[in-house]
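Data first, discussion second: the structure below is written as structure tokens.
Throughout, read-outs are computed from the coordinates displayed, never taken from laboratory work. Small disclaimer: the values here were computed from a predicted structure and weren't measured. Heads up, the Cβs are rebuilt from the backbone with ideal geometry, glycines too, and the neighbour counts pull from every protein chain shown.
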Amino acid sequence: MEKGRTMERASSVFLFCLLVFTVFMLPLFSITGYAEEAVPPAGPEPSRRFLAIPYPFFNDTIGAGVGAVIITEGYIQPQVLTVTSVLGSVDGTYLGFFMMRNYQVPWFRRVILEPQGSVGKFSDIKSYLRGNPAFPNERPGSNESSEDNFLESDGDDFWVELTTKYLLPIGQGKKSVFPRLVLENGIYVSGDTGGDTWNPFTSGRTYIEVTPFFRKQSLDDETGTLQKTAGIEMALRYDNTDYRGNPTKGSYQRVYVNRDWGALDSTAPYTSVGGEVAKFFSLGPSKHARQRTFAFNIWTSYCPTWDSSHTENGETVFHRPPTYRGANLGGLFRLRGFPATRFYDQAAIYYGLEYRHTLRWNPLAERTWNGRLDVDWFQVVVFGETGRVAPEWNLSTLHEDMKWSAGAGIRSMVNHVVIRVDLAASSEDVIAQLFIGHPF
């Protein structure tokens, strides 16, 4: 009996830690502006779900503080997800964030709106833009740059993105806008999605995406470093996976172009282009695994206006994107063993490989918090990555002296959102990455 009570207490403590971790990850969504696509669960009318919770937190970047998050599902429309979050720390950091997913425009059923934005103030940010004066003959952020070639200061960050997606009437998007899925505890069973054959006209869903964006990031350093951009991203995306939230087979491709015309007093006009391909291979279940998957990703980016310039107030202004928007590596998604935007240049290439082992073991399967919590599975992941930035898009150059990162992680699907904790090592550092969604 005592052993049972001890296990019960341990399970409760673990559940509490998982909940705190879950809501802590959601506000960190905003630091990069990235959001994983939310796919509604199976059923003609997904149930409404409302979760509001305050939480304490601590990490090496933000310090100690408190925050609150409100998550809603199915209130505005059955498939709509919203997240609103605020946090503040004792060192003066604060952050507010809002996002909406899957809002279907009335009378235009194929048009989907997904706005998101954030405002915040951060302390002790590493910036590889200006560089450390101790390295006068080295460009910070280049592939050959020193890991110590950075400046550290406080900063402000504000950004907003207003994504509009149009679903083309081809493939499985011809009959239904949102996929109808049958999941068994977070594992795909069946549904009108892709993955079996590669043909945009018969399988998967293809989207045209238009995203007006604005971001202003300023640092309180000696020169008052400011990176500001305002423009539009145009993209074509083909999702041919079985379940975008946790793919086990199929693939997706995305090509995009970013254009900043210099409006709204942006730092410089520029054009950047890029593309991404991901492929997923299912190995099926095993004695200890509900699902085993190999995931492979290739990404590249290039700025054709990099060497173009104009003169403003007697100074040369190059037509280059901010470090956080162009061809950069490091951070939450690519080369996770390096800090965010550790490397940036005119061009970049990246390769990533993951093995995802979804465990049969789930100590929180029966914990629901009166229907507010749904923990579908736990997953063990090992991964390896390589890539580099370069002053030109040249296959030979991009595959010389490539940087690497490798590691392992633990992930869990909570309320149809994947939570991940990755520990990545590189030649410069060992970094723990805590976020939501698979990196690809």
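Tabulated data for the structure shown
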quantity: Rounded to whole Hz, the Karplus (6.51, -1.76, 1.60) HN-Hα couplings of segment 420-437, x for glycine and proline; calculated: 10, 10, 10, 10, 10, 10, 9, 5, 10, 6, 10, 10, 8, 10, 10, 7, 10, x
quantity: Cut-off 10 Å between beta-carbons: net charge of the residues surrounding PRO269, Lys and Arg +1, Asp and Glu -1; calculated: +1
quantity: For ASP91, distant residues with modelled amide H under 5 Å away; calculated: ALA64
quantity: Whole-Hz couplings from phi, Karplus 6.51/-1.76/1.60, listed for segment 144-153; x for Gly and Pro; calculated: 9, 5, 6, 5, 9, 8, 8, 10, 10, 7
quantity: Amide H contacts under 5 Å for GLN433, placed H, 5+ residues apart; calculated: ASP422, LEU423, ALA424
quantity: More than 31 angstrom apart: percent of Cα pairs within the chain; calculated: 42
quantity: Pairwise Lys count, segment 103-436 - Cα closer than 28 Å, eight or more residues apart or different chains; calculated: 20
quantity: Among 425-436, 311-322, the order from most to least packed when residues are scored by Cβ within 10 Å on average; calculated: 425-436, 311-322
quantity: For THR225, residues with placed amide H under 5 Å, excluding near neighbours; calculated: LEU219
quantity: Environment charge at PHE150 (Cβ cut-off 9 Å; Lys +1, Arg +1, Asp -1, Glu -1); calculated: 0
